[in-house]
Amino acid sequence: MVTLQTAENALKSVYLGTITDIMNTKVNPLLTKIEQTATDVWGKEIHTACKVGLNGGFGAGTETGPLPTAQGNMYLQFVSTLKNLYGKIEISDKAIRAGSDERGAFTDVLNAEIEGLLNASKFNLGRMLYGDGSGYLCYMNSGSVAAGYIVDDTRNLVPGMLVDIEHDGEMIGRGIRITDVDYATKTIKIDANGDYPDGDLYVQGSKNNEITGLEALFGDSEYLYGNRRSDIKSVLPTTKNLNSTLDEIVMQEVIDNVENHANSTVNFIGVSADVKYAYQEYMAQYKRNIDIMNLDGGFKSLSFNGIPLVYDRFIKDGTMYMLDTTKFKLHQLCDWRFLENINGKILHQSEGKPVYTATLVKYCDLICSNPKGQAKITGIKRA
């Protein structure tokens with residue numbers, strides 16, 4: 001017999017382990033390459049070190065002369081706050097009671113909710129990895145609820161999302177649902193009672209609250225991990241604006257540059273869709289085959305000189321990231337857990353509604369301990 005208690009037990013003992021495994025290893029090819037650890041977490045913050053240059057205690061000398069002066073490594077301290085990631089499922093009281101005499105029926109309902117949560121998590125975690133931490137999605141032109149709104153970029157949008165709308169620095173709409181996305185015309189429709197002017201779209205309640213993704217690393221913000229960028233130029237990543245068609249010699253030059261000057265080994269290349277096509281066209285031009293690689297998590301990718309070349313929808317057009325993923329860590333206070341009340345209950349009745357909700361949570365942030373060992377090429381064009 002299915003009861004509220006058996007539903008809780010199932011979520012804790014059966015589903016949580018599976019959910020955690022999927023969200024940590026099968027959400028995104030880049031995430032599977034990044035170590036997840038509880039080290040360097042101090043209270044609500046992450047404090048980790050970035051080594052600068054080489055140890056200065058080496059030198060040559062005479063047979064009887066003085067030994068080299070000892071000089072330790074130089075370090076910068078990187079600091080970031082833990083970000084709060086949430087995932088929520090909802091089960092109606094009716095569904096629980098309807099399945100009270102048939103465990104399979106209730107399991108179907110629970111499986112559907114979990115699948116929906118995993119799909120939403122897969123989308124949003126992937127988006128955040130390549131984002132800048134701001135929760136920014138795109139710019140929306142003025143329009144109408146009936147005709148829709150034209151946006152400048154649809155790669156971060158999908159029907160069903162709840163977004164906030166900011167106009168001239170003021171949030172003028174919160175929790176607005178996107179009901180349709182026309183990727184060909186870059187037009188969206190929203191569920192709203194009135195029309196909105198132009199503005200910036202953010203994930204609901206997420207402005208400046210998301211994990212520190214790649215665009216924050218390569219961006220032009222004043223600070224990076226608590227340090228003023230102008231003070232740490234020697235450790236900042238490499239960015240090259242190609243403004244031309246793809247050339248594997250240029251790719252190798254960038255890889256060699258970061259590996260020679262930053263004690264780094266590039267083991268992951270992330271590209272946008274148009275760059276993937278540009279690479280395929282380049283290889284076809286010279287009648288060369290492209291190797292296919294199998295990655296952890298069941299993912300497949302193209303290969304460049306033995307390095308996985310992975311397409312991701314969340315990478316901006318014309319962009320290629322060349323990363324040493326061993327220098328990234330997802331620092332976390334704990335792995336995914338259900339929020340519990342003082343009695344250890346994870347299913348809570350929504351106020352004024354005959355439904356129960358359970359919320360998954362993870363407190364974490366992404367930090368790169370060697371930014372200089374990462375590179376980004378922009379302005380890549382197709383032939």
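Quick look at the numbers
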item	result
Residues (among the small types (Gly, Ala, Ser) and buried (at least 16 other Cβ atoms within 10 Å of the Cβ)) located in segment 7-45	7, 10
Which listed residue, of 132, 182, 164, 153, is in contact with a Gly (Cβ under 8 Å, 6 or more places away or on another chain), within 29 Å of residue 31 (Cα to Cα) and surrounded by fewer than 16 Cβ atoms within 10 Å (Cβ to Cβ)	182
Scan of segment 58-84 for residues that are touching a strand residue (DSSP E or B) at 6+ places or on another chain (Cβ under 7 Å) and at pLDDT 80 or above, ordered by number	76, 77, 78, 79, 80, 81, 82, 83, 84
Any hit, segment 173-185, residues being part of a loop (DSSP other than H, G, I, E, B), under 21 Å from the mean Cα position of the chain (by Cα) and outside the structural domain of residue 27 (by TED's automatic domain parsing)	no
Among (1) crowded, with 20+ Cβ neighbours inside 10 Å; (2) over 22 Å from residue 134 (Cβ atoms); (3) modelled with pLDDT of 95 or more, the one test that residue 267 misses	(1)
Test for residue 239: is it within 14 Å of residue 318 (Cβ to Cβ), more than 24 Å from the chain's Cα centre (by Cα) and surrounded by 12 or more Cβ atoms within 10 Å (Cβ to Cβ)	no
Of residues in segment 318-355 being among the acidic types (Asp, Glu) and at pLDDT below 95, the one surrounded by the fewest Cβ atoms within 10 Å (Cβ to Cβ)	351
Residue match in segment 347-363 (condition: among the aromatic types (Phe, Trp, Tyr), touching a strand residue (DSSP E or B) at 6+ places or on another chain (Cβ under 8 Å) and in a loop (DSSP other than H, G, I, E, B))	no
Lone unmet requirement of (1) modelled with pLDDT of 95 or more; (2) assigned to a loop (DSSP other than H, G, I, E, B) for residue 150	(2)
Count of residues meeting criterion [touching a Pro at 6+ places or on another chain (Cβ under 8 Å) and part of a loop (DSSP other than H, G, I, E, B)] in segment 214-243	2
Set 211, 190: member being assigned to a strand (DSSP E or B), of a type outside the set (S, T, N, Q) and surrounded by 20 or more Cβ atoms within 10 Å (Cβ to Cβ)	190
Failed item in (1) among the acidic types (Asp, Glu); (2) outside the structural domain of residue 49 (by TED's automatic domain parsing); (3) part of a strand (DSSP E or B), with residue 90 passing the rest	(2)
Residue match in segment 317-328 (condition: more than 24 Å from residue 225 (Cβ to Cβ), assigned by TED's automatic domain parsing to the domain that holds residue 253 and not aromatic (Phe, Trp, Tyr))	yes
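The values are calculated or read from the model by the stated rules, or taken from the named source; none is laboratory data. Keep in mind that this is a model prediction, so the values were computed, not measured. Counting neighbours? That spans all protein chains shown, and the Cβs are built from the backbone with ideal geometry, glycine included.
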